[in-house]
Every structure is written in structure tokens, then in C-alpha cells.
Amino acid sequence: STVLTRRGAHRESHAVVRTAIGRPLEHPALIFSLGQRLRYFHEFEALERTLQDPKLLDGSPPDVLAKSVILLSSINANDAAQRLADAALAKHPNSPPLSYVRGHLHFFAGDGDAAEACYEATLAADKRFFQASWMLAGVRRQTPEQNHVDRLREQIGRTTPGSMGEVYVAYALHKELHDIGDYAGAWQALTRGCASMRRMVSYDSGPVAELIAAQRAVCTPAFVRAGNAIEQPHVPIFIVGMHRSGTTLLERMLAGHPDVGDAGETRAFDAQLELAIDRSLPNGLDAMAVKSLAGADFDAIARDYARHAPWLSRGKPFFTEKLPMNFWNVGMIARALPQARFIHLVRDPMDTCFSNLRTLFAGVATYSYVQEELAGFFRAYRAMMAHWAEVLPDRVLDVRYDDLVAEPEATVLRVLDHCGLRRIEGLSDVARPGGRVSTASAGTARQGVLRDRGGVWWHYEAQLAPLRERLAG
């Protein structure tokens, strides 16, 4: 399968992997390797089963077990991830990677105290495990009396310039200095983190413009409304928009509905598009893929997506898919899945963009480290959503973030009506126990509906002039 992927034979590579599902594997390394391939192809149910094989726990070193926990958590299989993490820590109690990932699971479940204890244990065992400092900064709002600023300043002096260690500590220092009101120091730390991160990632706005042009050419009203006859046993609700626009908050609300499962951020639909064109799309759709999909078998896409839906929905009749970047896929989703619902979160441009700028994303949002590039991407996103509003005026419901926080009950009822869900009161109580939030919003998603998160960028008004000018232009 790996060799076939390197040769570009995506569909054949996937078929080979599927022949291994359910077969007994004796060596822990093979079990983990199969898990990695299943994650690559978004075979979530098989991945969850595979990584629960006792032989993986018995014969794998701590770093492989930590990676296995991350694989499970990345697909929202958090119960399985927690069982594996606890069992692995019982065998390897002093492992920094295992303490670190166990901290994540506590954090996602809303137990900040336990998360902090795990991250501190990680740093006690390995002073250069700088990711733990980054996560510690986000567990809670820091105060002048209680923070890690002195330690972070000492740590950043020990990082290698241009390394991920420097990035982690710089973003952590920005967050903590911002929390305690040292905005000059916070901006300096953020600038350092963004500059180092931008040197590590590749971003070019040219392909984004080409993608929009291809979408406009292919995804006409006739194309996106053609539909197919394949029924979906579970109805997906796609929550789309920019990162940091309120998508997690809305999903947290909808997850309180007894008929809705929360699948989290998956690329399950992307996986079907990849099989349809026999090509991997690690960064999502591009112009060539859109042109290839013009002649794709959308019935096959719908059938394969339906195969995954029972696992994604946990058996409930509806489920949320809240990967924000699915805004690129709206036309293809509408064509393949006529039953799908779309909710588009709309937030103030400066609030959205500054929140992107100060968030360290994991392998995504490569546009977010330079103000002009960030503003350019935001304008492209708005252009794409304007196209979907034109060709699918009845399918995409715009929800203003300001409305969601100012009038959460009324707003979520409007969402329920759009999705065809029965009306239920009390869904705005996002502070309720239960469930997990495994996105950048994990630190705030359980604090209730916060009405004071807008306008944070005003503390950096002068420094953000390039962003404002590009958004306006």
C-alpha cells in the first residue's frame, strides 16, 4: 500500500489496505503501521478496532503508544484513546509523550486540573518537551499572580532558533503575556512565533485563486443541484467557515440534541473525492481535482460516504461534520449528498483573522502566519462562500457569530429548523458535562457562551495595520 501511494495509485493502495482489515496480525509494529495507513485513508471504524489489539499495548515502546493514542483521538475515538493511554501509562509511568497525550484527553474532556498535572509531569521528565508549555498556556486564562511567564522566558532562551521548540514557546509566551495585559511583550512573542513558523510551511495564494476559478466553472447551479438517488442513512450537518469563527461553539450546542452525533473535524468526504479521482489530496481540493470531479461517479461517492456514516454518527439520525475548510467542498457535497445540511458561521473579519494569527495550528492554516497572506485567504474564502450562496441559496444557512453569542437560544432554534431537527430548548448550555472538544477552542468551549471575545485585536491596532488594509482593499 505504501509503495502504491508513492507511485500515485491511490485507489489501488486503498484497496490493498482494506484486504488487511480484520486479519490477525502478530507483530505490534504491523498493527501500528496498519493503523497509520487506515488513518491515511480515513477508515475510522477499522482504525479504532485495529488499535485496540492487546498486542499493540504489550509490545510497543512508549512513543508508538503515544502516537497510537493521537491517531485514535484524531478521529474522535476518545474512549478508546483514553483506555489505551491509561493502560500505556500504567506500563510506562515516566514517559513524557504518554503524559503529554494523556493531558490532551483530560483537556478535551474539560478536566483542566488533570491536564495541567499531566503537562507538568511531562516537563518534569523532559525539560525540552516544549509542546507541554504551549498546551499549559491554553488550559486556562493566566493571571498576574499565577502564570508561567518567567519559565517561558527561560525556556525560549534554550530553544533552537527556527525550531518547533521556539515556535511552541513563543506562542505560549504570547498567550500568557496577553492574558496578564503585557500587550507589547505579547506582540513581540507572537511576531517571533509567526516568523519561525512561516519559514517552515509552504503557502502560495496562486493555487487558491485557481481553485476558486475552477469551482465557479464546474459547480454551476445545474451541476450542484443534479443530486443522486443514494439515500444517506444518517444525515450530515456540515458546519463550515473560517477557523476560529465559532464552528466549535455551534457544534457543542448541536451535540446536546439527542438526535445529533458530533463527528468533530474529519476529512471523511475528502476521502471519497480522493478515491473518485484516484489521487491523494493532502491539502484539500485543488483546481485539477475540481476539473476531474466534473465527470466523477457521484453515486459511488455517496455510497462510500454512507458506509462511514453509521460510525461517524454513532448511530444517531443526524451528525455534525465541523471541519471549517469544508467550505471548499460545499458544491461537491451538495451534488453527492442532497440530504446534507450546511451551516456557515460568519464572524467579523478582524476578529476572525486575528484569532487565526495568534493560533498555532497543527498542519493546517498555512496562510495564517503573515498578515497580508491571511487577509488574502479570508477574501478568497468570502468569494467562495458568495458563489455557494448564489448557486445554493436554499441550502446554506448563514449564522452570524455575534447572533450566536448574543441570542444563543433563538439562533440555535433557527439552525434546528434549517436542519429539519425537532426543536429542543436548552442547547445553548455548552458548559454542560460530557462530550469532548478536541480543537483549538477546547479551552473556552465549556465556559458557557462568552460575549467578550470580540475586539481583542484592538490591543494591537497599530501592529495590525497591514491586515486591516488588505481586508479593506
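The values are calculated or read from the model by the stated rules, or taken from the named source; none is laboratory data. Computed from a predicted model, the values in this text were never measured in an experiment. So basically every Cβ, Gly included, is an ideal-geometry build from the backbone, and we count neighbours across all protein chains shown. Note: accessible area is taken over every heavy atom of the protein model, side chains too, but ligands, DNA and RNA are not part of it. Shrake-Rupley method; radii C 1.70, N 1.55, O 1.52, S 1.80 Å.
Is it the case that some residue within the stretch 271-282 is farther than 28 Å from residue 208 by Cα and modelled with pLDDT under 95?
So in the stretch 271-282, the residues farther than 28 Å from residue 208 by Cα come out as none.
Taking every residue of the stretch 271-282 in turn, none turns out to be farther than 28 Å from residue 208 by Cα and modelled with pLDDT under 95.
Filter the stretch 1-47 down to the residues that are outside any helix (DSSP H, G or I) and buried (at least 16 other Cβ atoms within 10 Å of the Cβ) and list them by number.
The answer is 1, 9, 25, 41, 42, 43.
Within the stretch 134-145, count every residue that is without any contact (Cβ under 8 Å) to a residue 60 or more places away in the chain and within 21 Å of the chain's Cα centre (by Cα).
3
Surrounded by fewer than 20 Cβ atoms within 10 Å (Cβ to Cβ), in a loop (DSSP other than H, G, I, E, B), more than 17 Å from the chain's Cα centre (by Cα) and of a type outside the set (A, V, I, L, M, F, W, C): which single residue out of 295, 284 fits that description?
295
Going by the conditions given, is residue 168 touching a Ser or Thr at 6+ places or on another chain (Cβ under 8 Å) and at pLDDT 95 or above?
Values: touching a Ser or Thr at 6+ places or on another chain (Cβ under 8 Å): yes; at pLDDT 95 or above: yes.
Judged against the criteria, residue 168 is a match.
Enumerate the pairs (first residue in the stretch 408-437 and open to solvent by 30 Å² or more (accessible area, probe 1.4 Å); second residue anywhere and among the basic types (Lys, Arg) and modelled with pLDDT under 95) with beta-carbon separation below 7 Å, excluding pairs fewer than 6 apart on the same chain, so at least 6 apart or on different chains.
What qualifies is 431/446.
Mind counting the residues in the stretch 68-99 that are assigned to a loop (DSSP other than H, G, I, E, B) and free of Cβ contacts under 8 Å to residues at least 12 places away in the same chain?
Total meeting the criteria: 1.
Quick check on the stretch 254-274. Is at least one of its residues of a type in the set (S, T, N, Q) and touching a strand residue (DSSP E or B) at 6+ places or on another chain (Cβ under 9 Å)?
Within the stretch 254-274, the subset of a type in the set (S, T, N, Q) is 266, 272.
Restricting the remaining residues to those that are touching a strand residue (DSSP E or B) at 6+ places or on another chain (Cβ under 9 Å) gives 266.
Within the stretch 254-274 (the criterion being of a type in the set (S, T, N, Q) and touching a strand residue (DSSP E or B) at 6+ places or on another chain (Cβ under 9 Å)), the answer is yes, since at least one residue qualifies.
Might you check whether a residue that is in contact with a helix residue (DSSP H, G or I) (Cβ under 7 Å, 6 or more places away or on another chain) and of a type in the set (D, E, K, R) occurs anywhere in the stretch 296-313?
Yes, that holds for at least one residue.
Condition first: out of contact with any Phe, Trp or Tyr (no Cβ under 9 Å at 6 or more places or on another chain) and either within 30 Å of residue 293 (Cα to Cα) or in a loop (DSSP other than H, G, I, E, B) (or both). Now tell me which residues in the stretch 330-374 satisfy that.
Across the stretch 330-374, the qualifying residues are 338, 339, 361, 362, 363, 364.
I'd like to know if the stretch 194-214 contains one or more residues that are without any contact (Cβ under 8 Å) to a residue 12 or more places away in the chain and open to solvent by 40 Å² or more (accessible area, probe 1.4 Å).
yes
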